[in-house]
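J.: Shown below is the structure under consideration.
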């Protein structure tokens, strides 16, 4: 029997679920436990097909718009990415029982934008057009009150009515390095622009990118476990490429691995986006263990202890044994 070639897997930490994702998934699970099926969820609760399918099996029904939901007394849950103000307003008009699973760090960005608007500042939002979080943030303010930019080049094309009365905020899941450049361009062109009191890019996005940076230069390839519509997962793949990793690949599950990309490896980096459960990482390790003599080394660059409070309506069931 031919011996398997050795493969050293450098496992990034932190990786996978962040506090906001964990809270959002708990909200759906606890609502199902307390109120029974179905519960309705507007948009994917987090961007991960495995998570969504698991919750569907428990009785969650996912919709893109409220008009897909029949008249019901069952909970209607808003996803972790946040929603425009028009959504809870429409839900109230239909007398839906609402549970908001928006990540508190996204809510922070929403409140910042509102404060800037009240103070008469035009808001520049750094983010990706069409992303559900960006739609939610822009939807906190009246049409025309927010201008979206995606790159430093976009800064040069800005023509604000009052260049001395601007503020900026950002999507929470951006590349830290890219955003630094865009903010620098904004500050160079508009020296009086007001920024957030604390960075809008969330701690989990920053920590996962730093862990990838610590590993990318040491491996022949990097795998990011995550969904293609997950912004933070896509940024992890890009960070690995930028740090010199020869091959950086985003995969949703082990069964999607293209093995032609992973022949003759000696070292592999492995991480997961903030909405990817650890079981999917374990499946990838197991898939490589079938082909290689795998040795796993944990590369930890930060400890994460943050947790967020659950909605008041669910705290009683959360305290009960599962």
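The values are calculated or read from the model by the stated rules, or taken from the named source; none is laboratory data. Computed from a predicted structure; not experimentally measured. With ideal geometry, Cβ positions are generated from the backbone for all residues, glycine too; neighbour counts draw on all protein chains shown.
J.: What are the pairs, 6+ residues apart or on separate chains, where a residue within the stretch 24-53 that is outside the structural domain of residue 279 (by TED's automatic domain parsing) has its Cβ under 7 Å from a residue that is buried (at least 24 other Cβ atoms within 10 Å of the Cβ) and part of a helix (DSSP H, G or I)?
T.: 39/28; 39/31; 41/28; 45/24; 45/28; 46/21; 46/24
J.: Also: If a residue has to be assigned to a helix (DSSP H, G or I) and either exposed (fewer than 13 other Cβ atoms within 10 Å of the Cβ) or touching a helix residue (DSSP H, G or I) at 6+ places or on another chain (Cβ under 6 Å) (or both) to count, how many in the stretch 27-49 make the cut?
T.: 5
J.: Free of Cβ contacts under 8 Å to residues at least 24 places away in the same chain and either under 30 Å from residue 126 (Cβ atoms) or not in a loop (DSSP other than H, G, I, E, B) (or both): is that true of residue 282 in this structure?
T.: Yes: the conditions hold for residue 282.
J.: Scanning the stretch 304-322 for residues that are over 17 Å from residue 20 (Cβ atoms) and assigned to a loop (DSSP other than H, G, I, E, B), which turns out nearest to the chain's Cα centre (by Cα)?
T.: Looking at residues that are over 17 Å from residue 20 (Cβ atoms) and assigned to a loop (DSSP other than H, G, I, E, B), I get 322.
J.: To continue, here is another question. Enumerate the helices (runs of 4 or more DSSP H) found wholly within the stretch 171-270, keeping only those where 1 or more residues are modelled with pLDDT of 95 or more and under 16 Å from the mean Cα position of the chain (by Cα).
T.: Passing ranges, in order: 203-216, 231-242.
J.: Now, a different point. Within the stretch 256-278, can you find the residues that are in contact (Cβ under 8 Å) with a residue 40 or more places away in the chain and closer than 30 Å to residue 105 by Cβ?
T.: Result: 269, 270, 271, 272, 273, 274, 275, 276, 277, 278.
J.: Working carefully through the options 296, 281, 215, 225, find the one that is surrounded by fewer than 17 Cβ atoms within 10 Å (Cβ to Cβ), touching a strand residue (DSSP E or B) at 6+ places or on another chain (Cβ under 6 Å) and closer than 17 Å to residue 15 by Cα.
T.: Just a single option satisfies the conditions, and that option is 296.
J.: Another one. Being at positive phi, in contact with a helix residue (DSSP H, G or I) (Cβ under 6 Å, 6 or more places away or on another chain) and not assigned by TED's automatic domain parsing to the domain that holds residue 140 is the requirement here; does residue 82 meet it?
T.: Judged against the criteria, residue 82 is a match.
J.: Kindly indicate whether any position in the stretch 178-186 is surrounded by 14 or more Cβ atoms within 10 Å (Cβ to Cβ) and over 24 Å from residue 18 (Cβ atoms).
T.: Yes: the stretch 178-186 contains one or more residues that are surrounded by 14 or more Cβ atoms within 10 Å (Cβ to Cβ) and over 24 Å from residue 18 (Cβ atoms).
J.: Something else: Would you pick out the residues in the stretch 54-69 that are in contact (Cβ under 8 Å) with a residue 12 or more places away in the chain and in a helix (DSSP H, G or I)?
T.: Once the filter is applied, which keeps residues that are in contact (Cβ under 8 Å) with a residue 12 or more places away in the chain and in a helix (DSSP H, G or I), the stretch 54-69 yields 55, 58, 66.
J.: Any idea which residue in the stretch 228-244 is farthest from residue 279 (Cα to Cα), counting only those that are touching a strand residue (DSSP E or B) at 6+ places or on another chain (Cβ under 8 Å) and buried (at least 24 other Cβ atoms within 10 Å of the Cβ)?
T.: Of everything passing the filter in the stretch 228-244, 240 is farthest from residue 279 (Cα to Cα).
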